[in-house]
Structures are given as C-alpha cells and as structure tokens.
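Novice: This is the structure I want to talk about, given as structure tokens.
The values are calculated or read from the model by the stated rules, or taken from the named source; none is laboratory data. These numbers come from a predicted model, not from an experiment. Note that each Cβ is placed from the backbone with ideal geometry, even for glycine, and that neighbours are counted across all protein chains shown.
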Amino acid sequence: MTDNQPEITIVGGGVVGLSIAVGLLQSGHKVIVLDGKDNDARASFGNFGLVWGQGKGWDFAPYAKLTADAIDAWQNFSDNLNELSGLDVSLDQKGGFEFFTDPEEFKSFIGMLEIQKGHSGNRFSYETLSGDELRKQIPGIGSKVVGATFSQLDGHVNPLRFLRALQRSVQALGGKIRSNTIVKKTESNKNGGFSLTLANGTLISTEKVILCAGLGSMQLANQLAFKTNIRPEKGELLITEKLGSELPFLSSTIRQVDEGGVQIGGTNADVGMNDSETLSDMVDLARHAVDVYPALSNVRVLRAWGALRVMTPDGYPVYAQSEECPGAYLITCHSGVTLASLHASILSDWIDDNIKTPNLEAFDEARFKI
Ligand SMILES: Cc1cc2nc3c(=O)[nH]c(=O)nc-3n(C[C@H](O)[C@H](O)[C@H](O)COP(=O)(O)OP(=O)(O)OC[C@H]3O[C@@H](n4cnc5c(N)ncnc54)[C@H](O)[C@@H]3O)c2cc1C
C-alpha cells in the first residue's frame, strides 16, 4: 500500500457504507468511500428514520437478535456521532406504537410479536392496548383504531441529519469521501488486492473492497462472484407542514420529525427502478393518518416522495465475504438506519476477523443456495 492508496475501499456512501467507514476508521484503518451520482437511487435520502424493533425477525431469530443488539447500541453510537460531527441526530427512544384498524391484522401482528419475543427472551417486550384503552391513554386517537402494540424499545432519528453526521464523522476521522465517483468495474488481482475502474477511466488499487452501493451493488456484485440478488421495492412518504404542538405518539407510520413536520408512510410496491409518487398511494397514506389521528385532517401536506428500498431475496441483511475473491465483501440490508449502530461497531471486527469477530454466519449469502 502506498500513501495514496486506500487500504479499504467502500463503494457506496449511503448510511450503510458510511457507518461501516466510521467503525473501520475508529479501528485504525485507512478508508476511502467512493460514492456515485445525485440521481442514483438512494434510500438513505428518502427513509423514515425509524430505529425500530417491532416485527423485526419474528420469522428469523438471528435477525431478531441483531436488531435488539442494534437498538441497544444506538445511544452510544449517537453520542459518538455527536462528538465526531458536532451534530445531534435527535435520537428519541421513548417507545413506539403500531396502530391497527383491522382486527384480524392486529391479532396476526400480536402472534408475530409473541414469536419474536420467544427469539429474543427478555430483550424484546411489548404491550397490547385495545382501541378504548388507547383513546384513554392518548386523547384524540380515532374511533377506527381497534388496537395497538407498544414497545418501549422503539424510536427514531432525523434521517437527513443522521446522514450528514455520518459524512462529517468519516471526514473527522481522516477518511475520504469522493462523490460523483462511479465504480464501473471491480477485479480481483492475481497477487492479492483489487483494481477498481471508475467511470472516468481512473484505476484504484486497494487491499480490500466493500460493496455497499445499495441497488448499485447489483451490477458490481457478480464481478466479484457474489450470488445475492438485490431488488428494489418502492416506498412512498408524505410530510406535512410543521405542527405548533407536539404529536403525542410515535408510530411506525406516523412520526413527528424534531423540526415539527409529521412524516407519514410508507407504502410497498414492486415496480422496478421507478421511484415516482402515485396519487392513489398518497391518498391512502393521508387517509390512514387521519383514521389514526383525526386532528391531522386539518394539517397541510407539503411534500410527497418515493424512494427505493434495497431488498435481498428474503428481506434480511447480507454480510458476506466472496468465496472466490477473499477480501471482497458485500454488505446490504433493508433497515440501514436501525442497524447502523452495529455497522459502525461489530462489522470492523468481522472484517478484521479478529478475536472479537461476531458470528454473522446466519447472514451469509450461502443461505440462498439452500
Ligand atoms: C421509503 C423508505 C423508508 C425507510 N425507512 C427506514 C426506517 O425507518 N428505518 C430503517 O432502518 N431503514 C429504513 N429504510 C431503509 C434504509 O433507508 C436503507 O436500508 C438504507 O438507506 C440503505 O442504505 P445503503 O447505503 O445500503 O443504500 P443507499 O442509500 O441507496 O446508498 C447507496 C449509495 O451507493 C452509491 N452507488 C451506487 N452505485 C455505485 C457505483 N457503481 N459506484 C459508486 N457508488 C455507487 C449511490 O450513489 C448511493 O449513494 C427505508 C427505506 C425506504 C426506501
């Protein structure tokens, strides 16, 4: 490695790549992050900002545990980012609700949470409330709400400030972020290391390469013999004008950003790389919000947007090192905000394969061969 040569190159400067960069830099590695163009699909710019446990991993115990670990680690992570970047990401972990207007869906979700609790033991807990109990606890909840679950562990952050805090933290730690830098080709060298060819023809040599390019990883992953198929899933969101008062709850679909506006989300649609908004989805989102909390009917919606989730075939994270090209890693997940606290900590031990290396075998892409 020469002075100008990165030891570790991370392809993708979204929340996944940047969180991993923070952890690797804090473990003493020399890291560069290569990030694509503004008009790339970028989930990190369009998400809901939840640090959320309810429902996560109910049908896959290792993911339930991973999520519980991530939620536990968030306060320290947020303090670390604050120290490094000078930015407060407004972490609020006072607990959150899942609201239901359909009794069957409510019942089935409680069943899922019971299984999740079985996986996590006393690390995950929740309460159920009937519609009437809820309306006593939170005056103003709509009559269509038949019940809710509440977990004290759930929370949220300001998603755009979080992204900015990560960028600043990487720079504060001496890492380099090169934006507008598209990796076109990745090759494993015969004598070790990797050569990356950029869209402008520049060659970069690196000891290790970590693909965290979200949906952009699709093109690069098979050049390094990864097998995971990554697909987009569109989610649409609304944001309202700032409220004069505090919303009296946080839910997975309705949350007040620390700046005052209420974010309402999110839909799920399998429409390829199309991230445009649709009127019918916006109407459904607004109707849901008003069903849950009728006072929102008087609040103006300022903006709506669509963004593409980065989905693996089973929806769970992939932490994989290429069998054919050791030193090349593919890291991708759907809940990149929630898991960021672990990405910035235990993943550097895993990449170093040191004595503290976590067991991430359940998240290897080998599971797709079965
Ligand atoms: C609507 C919606 C709501 C969500 N809500 C939540 C939530 O509440 N909580 C939560 O935990 N998660 C949530 N998520 C998921 C979360 O946003 C993602 O898991 C996370 O943003 C993924 O980050 P990423 O870095 O993998 O990908 P991205 O943010 O997509 O970043 C990938 C980066 O790679 C770059 N890139 C691509 N190709 C190349 C290339 N060839 N060369 C160089 N760079 C390249 C791109 O420019 C981009 O900057 C939500 C997602 C969506 C869409």
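Novice: Would you please list the contacts, defined by Cβ atoms under 7 Å and residues six or more apart or on different chains, that run from a residue in region 106-127 that is at pLDDT 95 or above to a residue that is loosely packed, with under 14 Cβ neighbours inside 10 Å and assigned to a helix (DSSP H, G or I)?
Specialist: Cβ pairs passing all conditions: none.
Novice: When the residues of region 230-259 are narrowed to those that are among the charged types (D, E, K, R) and assigned to a loop (DSSP other than H, G, I, E, B), which ends up nearest to the ligand (Cβ to nearest atom)?
Specialist: Filtering first and then ranking leaves Asp258.
Novice: If you don't mind, another one. Let me confirm something: among Leu302, Leu296, which residue is away from the ligand (no atom under 14 Å from the Cβ), over 21 Å from the mean Cα position of the chain (by Cα), in a strand (DSSP E or B) and not hydroxyl-bearing (Ser, Thr, Tyr)?
Specialist: Going through Leu302, Leu296 in turn, just one is away from the ligand (no atom under 14 Å from the Cβ), over 21 Å from the mean Cα position of the chain (by Cα), in a strand (DSSP E or B) and not hydroxyl-bearing (Ser, Thr, Tyr): Leu302.
Novice: Among the residues of region 7-18, are any small (Gly, Ala, Ser) and either outside the structural domain of Gly336 (by TED's automatic domain parsing) or surrounded by fewer than 24 Cβ atoms within 10 Å (Cβ to Cβ) (or both)?
Specialist: No, every residue in region 7-18 fails to be small (Gly, Ala, Ser) and either outside the structural domain of Gly336 (by TED's automatic domain parsing) or surrounded by fewer than 24 Cβ atoms within 10 Å (Cβ to Cβ) (or both).
Novice: Also: May I ask you to verify whether Gln75 is under 30 Å from Ala148 (Cα atoms) and more than 7 Å from the ligand (Cβ to nearest atom)?
Specialist: yes
Novice: Which pairs do you get when a residue that is charged (D, E, K, R), found in region 259-286, comes within reach of a residue that is part of a helix (DSSP H, G or I) and more than 14 Å from the ligand (Cβ to nearest atom), reach meaning Cβ atoms under 6 angstrom, with the pair 6+ apart or on two chains?
Specialist: none
Novice: Go through region 214-229 and give me each residue that's assigned to a helix (DSSP H, G or I) and touching a strand residue (DSSP E or B) at 6+ places or on another chain (Cβ under 7 Å).
Specialist: Gly214, Leu215, Ser217, Leu220, Ala221, Gln223, Leu224
Novice: Name the residue, out of Leu50, Leu91, that is surrounded by 24 or more Cβ atoms within 10 Å (Cβ to Cβ), among the aliphatic types (A, V, I, L, M) and within 15 Å of the ligand (Cβ to nearest atom).
Specialist: Being surrounded by 24 or more Cβ atoms within 10 Å (Cβ to Cβ), among the aliphatic types (A, V, I, L, M) and within 15 Å of the ligand (Cβ to nearest atom) holds for just one of Leu50, Leu91, which is Leu50.
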